[in-house]
Amino acid sequence: MLAHVLSSAVLGIDAYTVTVEIDITYGNPSWNMVGLPDTAVLESRERVRAAIRNSGYEFPYRRVTINLAPADIKKEGPSFDLPIAMGILAATEQISTDHLDTTMITGELSLEGTVRSVTGVLPVALNAKHSHIRRLIVPEVNTNEAAIVGGVDVYPVSSLRDAALALGLPNSVTPVTVDPSTLMPEHPPYSIDFADVKGQAHVKRALEVAAAGGHNCLLIGPPGSGKTMLARRIPSILPPMTVGEALETTKIYSVSGLLPSDMALITTRPFRSPHHTLSNAALIGGGTIPRPGEVSLAHHGVLFLDELPEFKRDALEVLRQPLEDGVVTIARVSASLQYPARFILAAAMNPCVCGYYGDNFRQCTCSATMVRKYQQRISGPLLDRIDLHVDVPRLAEEELVHYPPSETSAEVRKRVCRARERQQKRFDGTPLFNNAQMGSREIREFCAINEEVRCLLRAAIKQLGLSARAYDRILKVARTIADLCDSEQLGVSHVAEAIQYRSLDRKMWM
């Protein structure tokens with residue numbers, strides 16, 4: 001007796017089809033599983049056996065052979081419990097097999113036969129759609145996550161018996177559908193707002209430029225000046241997520257097991273703020289079983305690194321590839337995986353060890369050597385990849401005790417969205433989305449400068465010792481500033497403001 005059940009497994013953040021082949025023959029009772037299963041998959045034997053018996057079905061005391069094809073890719077996790085159990089029931093003719101070849105099944109089983117949630121259901125649903133599978137049976141907890149894909153009839157099940165009913169009599173069960181566009185809010189709900197921040201108008205302007213062009217930024221100031229408070233409000237001024245961006249971000253969280261059970265789609269831009277003690281694998285991704293890291297969890301959002309010099313130097317250096325390419329490549333002997341990692345890097349640091357170098361209100365206790373060594377914990381190549389270096393001074397007394405009206409995040413977001421619309425028109429037909437992604441060719445095409453601007457840039461290169469990368473990033477930032485001003489041409493004021501955002505270059509040169 002032979003049965004074939006379609007299932008799916010996740011590799012990276014994408015899923016591929018796995019055919020679960022069940023062969024039951026006469027002989028001494030045994031259970032053999034092939035197809036590179038890991039420990040969690042091998043342990044399915046006891047879960048499947050108990051679930052079948054406790055659901056009122058008969059487990060065959062014969063020779064059971066299970067193959068997970070393709071056999072050259074390692075299979076991980078408990079998501080094959082339900083398809084294996086359904087395959088055994090189909091091979092022993094205890095359930096109908098009429099719709100087995102057009103149905104994909106995934107889920108973990110408990111000993112009593114209930115179906116538990118699994119990770120990566122959204123990529124599985126996308127794989128089912130691309131493979132032209134008509135039906136998808138998933139755990140009830142993962143229903144909304146799978147139903148937002150569309151094009152596939154999603155049948156939620158809470159037990160093995162429910163799965164048998166959905167497979168044998170699909171017309172008796174109503175499939176679940178969710179329109180992702182209805183989940184996208186017109187105005188993203190954020191509990192924090194730029195209006196909460198007192199003063200720091202120039203820092204807010206810099207963050208507006210960073211949000212408008214997708215630029216990385218570094219906030220430098222003494223303790224208590226509001227660096228973290230400002231950085232946490234960057235997502236509130238970013239444009240609302242599109243459906244495509246929401247699906248990409250949700251896939252990453254689904255694979256990582258971080259998607260809340262009551263959430264079908266992540267509709268607000270993520271903000272990740274890892275502690276400085278995290279490992280390289282936690283930051284970039286990887287591990288024994290590769291998983292996305294913080295840079296991928298911040299995809300289409302903000303990665304905030306507070307106390308930047310306190311991070312391990314090798315952890316910071318591995319940020320170079322995702323900052324340049326927008327992807328992370330995890331190389332293993334068996335496979336090479338890629339995770340998307342296109343985010344805005346927002347970092348914060350004190351200017352010295354004690355934190356008060358250059359402060360007008362408190363004396364710094366660090367020597368010049370200590371200040372230089374502290375700032376040099378951040379390498380030049382990483383610093384070159386950060387477009388805006390912004391000083392965040394301590395607030396004066398009047399700014400602290402008074403509450404002058406300030407712009408809200410919604411007002412700033414309107415200008416950011418308008419600038420992003422200009423960029424979308426400019427890059428129409430290309431894989432680029434914002435000014436920060438421009439390469440040398442696009443810079444030459446869209447950042448043309450006149451002789452007056454060229455003279456200003458020559459002086460800046462000579463005085464600040466700018467690298468070629470820093471020069472390009474000044475032009476990118478100037479292009480964003482011009483977009484915020486609704487200007488097609490780069491003017492002296494745009495470039496001068498962009499140069500002012502290289503404050504750390506100026507300090508190190510001095």
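The values are calculated or read from the model by the stated rules, or taken from the named source; none is laboratory data. None of these values were measured; they are calculated from a predicted model. Neighbour counts are summed over all protein chains in view; Cβ atoms, including those assigned to glycine, are modelled from backbone coordinates with ideal geometry. Heads up: the accessible areas ignore ligands, DNA and RNA and are worked out on the full protein's heavy atoms, side chains in. Shrake-Rupley method; radii C 1.70, N 1.55, O 1.52, S 1.80 Å.
Where Lys and Arg each count +1 and Asp and Glu each count -1, what net charge lies around PHE59 among other residues with Cβ under 10 Å from its Cβ?
+2
Which order do ARG426, ARG454 take when ranked by solvent-accessible area (1.4 Å probe, heavy atoms of all protein chains), largest first?
Output order, biggest surface exposure first: ARG454, ARG426.
Between the range 181-195 and the range 99-178, how far is it from one alpha carbon centroid to the other, in angstrom?
31
Using a 1.4 Å probe over the heavy atoms of the protein chains, calculate the carbon and sulfur portion of the accessible area of the range 402-478 as a whole percent.
The value for the range 402-478 is 52 percent carbon and sulfur by accessible area.
Got a sec? What order do LYS75, LYS414 fall in by accessible area at 1.4 Å, biggest, i.e. largest, first?
LYS414, LYS75
Working from the pairwise distances between different alpha carbons, so that the mean of 1/r is found and then inverted, what is the chain's Kirkwood radius in Å?
25.6
From the square roots a ≥ b ≥ c of the eigenvalues of the alpha-carbon gyration tensor of the range 369-496, which class results: rounded (a/c under 1.5), prolate (a/b over b/c), or oblate?
oblate
Applying a 10 Å radius around every beta-carbon, put 137-148, 282-293, 169-180 in order of their mean neighbour count, most first.
137-148, 282-293, 169-180
Which of the peptides 113-122, 9-18 is most tightly packed, and how do the rest follow, judged by the mean count of other Cβ atoms within 10 Å per residue?
In decreasing order of mean packing, 113-122, 9-18 become 113-122, 9-18.
Report the accessible area of MET241, computed with a 1.4 Å probe over the heavy atoms of all protein chains in place, in Å² rounded to the nearest 10.
We get 10 Å² for MET241.
Just going by the charge dipole of the chain, with Lys and Arg at +1 and Asp and Glu at -1 on Cβ, which of VAL157, MET241, PRO351 is farthest out on the positive end?
The Cα lying farthest towards the positive end belongs to PRO351.
Using the beta-carbon distance between HIS4 and ALA496 and R0 = 56 Å, what value does 1/(1 + (r/R0)^6) give for FRET efficiency, to the nearest 0.05?
0.25
No other cysteine beta carbon under 4.7 Å away is the test; run it over the chain and list who passes.
If one checks each Cβ against the other cysteines of the chain, CYS217, CYS354, CYS364, CYS417, CYS447, CYS455, CYS485 turn up with nothing under 4.7 Å.
What do you reckon, how do HIS202, HIS389 stack up by accessible area (1.4 Å probe), largest on top?
Highest to lowest solvent-accessible surface, that is HIS202, HIS389.
If the only charges are +1 at each Lys and Arg Cβ and -1 at each Asp and Glu Cβ, what is the size of the charge dipole of the chain around the Cα centre, to the nearest 20 debye?
Value, rounded to 20: 1460 debye.
Considering the Cα trace of the range 1-41, what is its radius of gyration and what is Dmax, both in angstroms?
When restricted to the Cα atoms of the range 1-41, Rg and Dmax are 13.0, 41 Å.
Taking Cα pairs under 8 Å and at least six residues apart, what relative contact order does the chain come out at, in percent?
13
Rolling a 1.4 angstrom probe over the protein heavy atoms, how many square angstrom per residue are accessible across the chain?
45
Order 476-482, 395-401, 30-36, 271-277 from most to least packed using the mean count of other Cβ atoms within 10 Å.
The peptides rank, most packed first, as 476-482, 271-277, 30-36, 395-401.
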